[in-house]
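The values are calculated or read from the model by the stated rules, or taken from the named source; none is laboratory data. As the structure is a computational prediction, the values presented were derived from the model and not from experiment. We place every Cβ from the backbone using ideal geometry, glycine too, and count neighbours over all the protein chains shown. Side chains are part of the model used for accessible areas, which takes the heavy atoms of the whole protein and leaves out ligands, DNA and RNA. Shrake-Rupley method; radii C 1.70, N 1.55, O 1.52, S 1.80 Å.
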Amino acid sequence: MAELGHEVIGIDVDAAKIESLTRGEPTFFEPGLPEILRSAIATGRLTFSTRMSDVAGASVHFLAVGTPQQRGSYAADLTYVDAAVEGLIPFLADGDLVVGKSTVPVGTAERLAGLVTAGSGAQLAWNPEFLREGFAVKDTISPDRLVYGLPPGDAGVRAKAQLDEVYATALAKDTPLVTTDYATAELVKVSANAFLATKISFINAMAEIAEVTGADVTQLADAIGFDGRIGRRFLGAGVGFGGGCLPKDIRAFTARAEELGRGESVAFLKEVDKINLRRRDRVVNLVVDALGGEPYEKRVAVLGLAFKPFSDDIRDSPALDVAVRLHGLGAAVTATDPEAAANARRVHPQLTIADSLGDALRDAEVVVLVTEWPEFRGLQPADVEPFTAGRTIIDGRNSLDPVVWRAAGWTYVGLGRP
Ligand code: UGA
């Protein structure tokens, strides 16, 4: 927002985060973020604080706190959203606009709007966020669409004008804009993620069928992807989806639909979830099979810990899950990741995590690729052979060329491909 010319103050309850951001250091890995953070701070338009009272003077207030899965249930935990709104209300002025970005169960915006308007002269809009980790800067500066969930009547007209001012740069570039009500805006977000999750599980279901028929799911994805109605993106079969969004969002969606008495409408998302989780079992089983059914004390190299490349995020990461499960079976696992090693060490101190690829590969009988970082995708047998004891590679992201590896004498095992 500061880069786009606005004057911005970022508030968080976590003092360590605020200190780090004030120094121009992001608290997580995101390509391009350090540069844009520092340049925005240098303009003087971006500051940070832990004091909610410092929002005074701002006219638009974005709510961007997390909505993780609740403990003991599949529903979203709204504690942080509620606390942020409650903390903000005393500092809102007449005519201010509160803008919800967090992914919330449908119905939340309506409830929060009641609190905001009763507690101040401000209004609320819901403006879901579609950025992808790893491409967050680009997706924020040049979003592929904007969605405004607005209150009815004049309040909605005023809120739209305020948002149009915030997003003037994107709107000038003809970014598609959908102006709608709260419920639709909330549902756009969860249904977009549900659709993406379904697309991935669809291709992974095809991978399961391919595995018992000898078909090749990567060629199948190419072939169906040429149909413009289907499209090739998000048809990458492999160890499945993870992260802080798709898994918990499909669960929160089913939980909310059940509360609304419409559980059957999205019951298929439970299948989507199950197919996805089965792929992790599949990768673990392939490794165990490659070790002759006896993983105990066998050396395994796990390439990748982040839930996807260009991220250090390990939330619900399939890669980390595979490493932890193999460790739990008694295998001598050494994992590595270009960015997520520190996070993985913190959460799973029992894992052996190497800082270099060579150290991870050393004496490995089986190599498992589970996050398709460019440095792993680009591996050639000759890069790996000086280190490993065995010649078996399990490609959990179908990102290597089987022909090359087999020609070099390796046993190559992909997911859903011969
Ligand atoms: C996802 C959505 O793509 C964003 O549009 C959304 O804004 C975001 O969630 C959110 O709700 O905040 P993200 O979690 O960053 O973004 O990651 P994705 O690129 O969607 O990937 C999710 C998972 O699916 C990763 O584990 C990835 O490896 C996996 N995936 C992706 C596949 O297994 N196959 C594919 O073909 C594509």
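For the stretch 152-160, check the following and say yes or no: at least one residue is of a type outside the set (Lys, Arg) and within 16 Å of the ligand (Cβ to nearest atom).
No: the stretch 152-160 contains no residue that is of a type outside the set (Lys, Arg) and within 16 Å of the ligand (Cβ to nearest atom).
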| field | Number of the condition not met by residue 192 [criteria: (1) within 7 Å of the ligand (Cβ to nearest atom); (2) without any contact (Cβ under 8 Å) to a residue 24 or more places away in the chain] | value | (2)
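Yes/no matrix, rows are residues, columns are (1) in contact with a helix residue (DSSP H, G or I) (Cβ under 7 Å, 6 or more places away or on another chain); (2) without any contact (Cβ under 8 Å) to a residue 12 or more places away in the chain; (3) closer than 23 Å to residue 105 by Cβ:
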| site | (1), (2), (3) |
| --- | --- |
| 154 | no, yes, no |
| 186 | yes, no, yes |
| 213 | no, yes, no |
| 239 | yes, no, no |
| note | Note on residue 299: of the conditions (1) under 17 Å from residue 239 (Cα atoms); (2) open to solvent by 20 Å² or more (accessible area, probe 1.4 Å), unmet is (1)
| said: residue 382 - would you say it is within 16 Å of the ligand (Cβ to nearest atom), part of a helix (DSSP H, G or I), within 30 Å of residue 214 (Cβ to Cβ) and out of contact with any Asp or Glu (no Cβ under 7 Å at 6 or more places or on another chain)? | reply: no
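Can you tell me which of 286, 326 is under 11 Å from residue 351 (Cβ atoms) and either touching a residue at least 40 places away in the same chain (Cβ under 8 Å) or open to solvent by 50 Å² or more (accessible area, probe 1.4 Å) (or both)? Let's see the steps before the verdict.
Values: 286 fails: under 11 Å from residue 351 (Cβ atoms).
Unique residue meeting the criteria: 326.
With away from the ligand (no atom under 16 Å from the Cβ) and open to solvent by less than 50 Å² (accessible area, probe 1.4 Å) as the only criterion, which of 392, 352 stands out?
Working: 352 fails: open to solvent by less than 50 Å² (accessible area, probe 1.4 Å).
That would be 392, the only listed residue that is away from the ligand (no atom under 16 Å from the Cβ) and open to solvent by less than 50 Å² (accessible area, probe 1.4 Å).
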| message | Just checking, does the stretch 273-285 include any residue being under 21 Å from residue 361 (Cβ atoms) and either more than 16 Å from the ligand (Cβ to nearest atom) or in contact with an Asp or Glu (Cβ under 8 Å, 6 or more places away or on another chain) (or both)? | response | yes
| task | For the stretch 100-151, name all the residues that are within 16 Å of the ligand (Cβ to nearest atom), open to solvent by less than 30 Å² (accessible area, probe 1.4 Å), part of a loop (DSSP other than H, G, I, E, B) and small (Gly, Ala, Ser). | result | 102, 134
| remark: Result of the Cβ filter at 6 Å on the stretch 295-308, keeping first residues that are acidic (Asp, Glu) and partners that are more than 15 Å from the ligand (Cβ to nearest atom), at least 6 apart or interchain, is 297/332
